[in-house]
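Worksheet for the structure shown next.
Every number in this text was worked out from the coordinates using simple rules, so none of it is lab data. Computed from a prediction, not measured in an experiment: that's the story for all the values here. Note that each Cβ is placed from the backbone with ideal geometry, even for glycine, and that neighbours are counted across all protein chains shown.
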């Protein structure tokens, strides 16, 4: 005959938490030992009393709790400002900043042209310069005066202001245009 | 929410021993559930996840109160004086129910420490396994086992003492 089971062992048995071999041992012992059975029944009665008390005291779920929870959940929903702010959190801001830096690096040479406003260069300057060069060229077929050049080109090219607007075109092309117009 | 609300509210009521604290606890737990919705593992028990949140919040709340009022939390094997947590306003109906059915067990349950109460509620009322309780309470199975043993021994002593004719 094995010695009596202690209450800790009985509590584990009651909750079905013993390893199978111990469980079988306890089961066999309780069959034959009235003293241990009495103790086991007392433990089982405590569990039953706890459950029946809990059932008897069971409370209804107050609807005001549900309402309060939804209210708080609604209030906790992030505002537009905080949603925008969340775009600046590191997970997003760091890659975006990296891409921006790389883009800036490659765009910088372009910005030298694009960034500075086109200088307002008078077309007359080029035409006069061209005429002067032509005049000094002893081998030139013709050496028209600046006044003649301006006069002849004005008809085709329009006024000098229009030319100035297109001043980001290379000077050479403009000279070619002036030449072609003759 | 209605489905789990009642179970959670009653669980919170068993832990706190009063409706006002149970309401706050249930409310905080559900708001946390809402926030942490994405971290819930599908296929696991939703209710035991909520119970875990309630248990954690209850423990945090007790710690907070302990810090504020310098209340000594009882050791695992020392009975707690639970009276301090009961709000003054208890309706006559609750009083009646408690006298009729809760006595002396409810009172005895209220005298356990928070951890002991948690483990008894989870093991005997909610009928979770030790493994599940360990997951809910965030402790080892051995701790669950020893807490339950001590809690039940204490409960039986308290109930027997209360039933003894004076």
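Miscellaneous remarks
- Shape category assigned to segment A:1-103 from the gyration tensor of Cα positions, a/c cut at 1.5: oblate
- Listed peptides A:15-21, B:44-50, B:18-24 by packing density, highest first (mean Cβ within 10 Å): B:18-24, B:44-50, A:15-21
- Between residue A:92 and residue B:66, the simple spin-label model (points 7 angstrom out along Cα→Cβ) gives 4.1 nm.
- Computed from the C-beta positions of residue A:28 and residue B:24 and an R0 of 45 Å, the FRET efficiency is 0.35 to the nearest 0.05.
- log10 of Debye I(q)/I(0), alpha-carbon scatterers only, for segment A:7-56 at 0.31 Å⁻¹: -1.15
- Each label point was placed 7 Å from the Cα along the Cα-to-Cβ direction; for residue A:128 and residue B:103 their separation is 11.7 nm.
- Between residue A:73 and residue A:35, the contour length at 0.36 nm per residue exceeds the Cα-Cα span by 8.1 nm.
- At R0 = 41 Å, FRET efficiency that the Cβ-Cβ distance of residue B:38 and residue A:59 yields, to 0.05: 0.85
- On the basis of the beta-carbon distance and an R0 of 45 Å, residue A:135 and residue A:104 show a calculated FRET efficiency of 0.40.
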